[in-house]
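Shown next, in structure tokens, is the structure this report addresses.
What follows draws every value from the coordinates through simple rules; no lab data is involved. Just so it is clear, the model here is predicted, and its values are computed rather than measured. Glycine also receives a Cβ, built like all others from the backbone with ideal geometry; neighbour counts cover every protein chain displayed.
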Amino acid sequence: MRIFDPHIHMTSRTTDDYRAMHAAGVRAVVEPSFWLGQPRTSPASFYDYFDSLLGWEPFRASQYGIAHHCTLALNPKEANDPRCTPVLDELPRYLVKDNVVAVGEIGYDSMTPAEDTALATQLELAAEHELPAMVHTPHRDKLAGLRRTLDVVRESPLAIDRVLVDHLNETTVQEAKNSGCWLGFSVYPDTKMDEDRMVAVLERYGPEKVLVNSAADWGKSDPLKTRKVGDAMLKAGFAEDDVDRVLWRNPVAFYGLSGRLALDLEEPAATHEGNSILRGGE
């Protein structure tokens, strides 16, 4: 089983996770930029973070045979902090980088006017840079958040079939599917979706344009949830081709819209800017 996790925050994970993911079949990941967990005090902290997603993290992933790409953006939660919004002016110099395969995560957290502005601005940037967009739907009032998201997307210059709407569930999947966007589902240990619910959604709505991710981060999460969904699909009677479509071909097709997806790894370098992942006498 080959797996492409299209939304995982590996900066928050350990090298043991990379090892376990490779053993489970993960060969590619996309890491969207997300919030720090506490308020940032300066936009400069974003720039170091973006640089790490473009340099150190792909190097670290390559040591375990995993291709790493990223999406960059001012995320919805931090869009409400005026100390962070200058990032919008600096994003264009990062969106031209080869390893950036979409603008994201963008979208809504609390559905504020500041989030409206950040979402509309970044959809325009995605269109200008010929990139797709990965959109975060809010964890509260999900259906209202989806509808507001789709309204802003339709008003933007970015075609809706170049938009992945993530964190969907049973209450939002039908409207999202009807819109023509790509459908993202995050599978978590206690919140969002689980394996059995994901299988039920696939049985009802089919695998077309569906991407399943672990969204693993610094919270209670599991970077092997993609594999567990694949196993659950097989147990439920899905064909291996359906599993491959959901866990590999669909994310390849969506992020391939960027024209920048590179999944063939070269021999990994021993160091990145003079540093390795080794410690002590290894």
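Look at where the Cα atoms of the stretch 151-222 and of the stretch 1-66 average out, and the two centres are 20 Å apart. What is the sum of charges around Glu208, taking Lys and Arg as +1, Asp and Glu as -1, for the other residues whose C-beta is under 10 Å from the C-beta of Glu208? Combined, the nearby Lys, Arg, Asp and Glu give +3. Estimate the FRET efficiency between Ala239 and Asn178 by the formula 1/(1 + (r/R0)^6), using the beta-carbon distance for r and 30 Å for R0, to the nearest 0.05. That pair, Ala239 with Asn178, gives E of 0.70.
For Pro76, the shell of other residues with beta-carbons less than 9 Å away shows a net charge of -3, using +1 for Lys and Arg and -1 for Asp and Glu. Set the Förster distance to 51 Å, then compute FRET efficiency between Arg197 and Asp98 from the Cβ-Cβ distance, nearest 0.05. Approximately 0.90, to the nearest 0.05.
The overall shape of the stretch 1-101 is prolate: from the C-alpha gyration tensor, with semi-axes ordered a ≥ b ≥ c, the ratio a/c is 1.5 or greater and a/b exceeds b/c.
Applying 0.36 nm per residue to the separation of Thr15 and Thr112 and subtracting their alpha-carbon distance, the gain on full extension is 31.2 nm. Springs join every pair of Cα atoms under 10 Å in this Gaussian network model of the chain, and among Ser62, Ser186, Ser33 the largest mean-square fluctuation is at Ser62.
Each peptide among 130-137, 111-118, 8-15 gets the average number of other Cβ atoms lying within 10 Å of its residues, and from highest to lowest they stand as 130-137, 8-15, 111-118. Were the residues from Asp190 through Asp51 laid out at 0.36 nm apart, the gain over their Cα-Cα distance would be 46.9 nm.
Evaluating 6.51 cos²θ - 1.76 cosθ + 1.60 at θ = phi - 60° for every residue in the stretch 181-188, the Karplus couplings come out as 7, 7, 10, x, 10, 9, 10, 10 Hz, glycine and proline recorded as x. Cβ crowding within 10 Å, taken as a proxy for footprinting-reagent exposure, orders Val163, Val252, Val187 from fewest neighbours to most as Val252, Val187, Val163. Of all the options Lys77, Lys235, Lys142, the one that moves most in a Gaussian network model of the chain with Cα springs shorter than 10 angstrom is Lys235. Tell me whether the stretch 3-258 comes out rounded, prolate or oblate; compute the Cα gyration tensor, take square roots of the eigenvalues as a ≥ b ≥ c, and use a/c under 1.5 as the rounded threshold. Oblate shape, in that a/c is at least 1.5 and b/c is the bigger or equal ratio. For the stretch 143-184, the fraction of alpha-carbon pairs lying more than 15 Å apart is 28 percent, rounded to a whole number. Summing charges over neighbours of Glu90, with a neighbour being any other residue whose Cβ is under 13 Å away from its Cβ, gives -1 when K and R count +1 and D and E count -1.
Given their separation in residues at 0.36 nm each and the Cα-Cα distance between them, Trp218 and Val252 gain 9.7 nm when the chain is fully extended. Close amide-amide hydrogen proximity is noted between Ala102 and Leu72, each under 5 Å apart and 5 or more residues distant or on a separate chain (H modeled in the peptide plane; Pro and chain starts excluded). Test of understanding: in a Gaussian network model of the chain with alpha carbons linked when under 10 Å, which of Arg245, Arg148, Arg140 would top the mean-square fluctuation ranking? Largest GNM mean-square fluctuation: Arg140.
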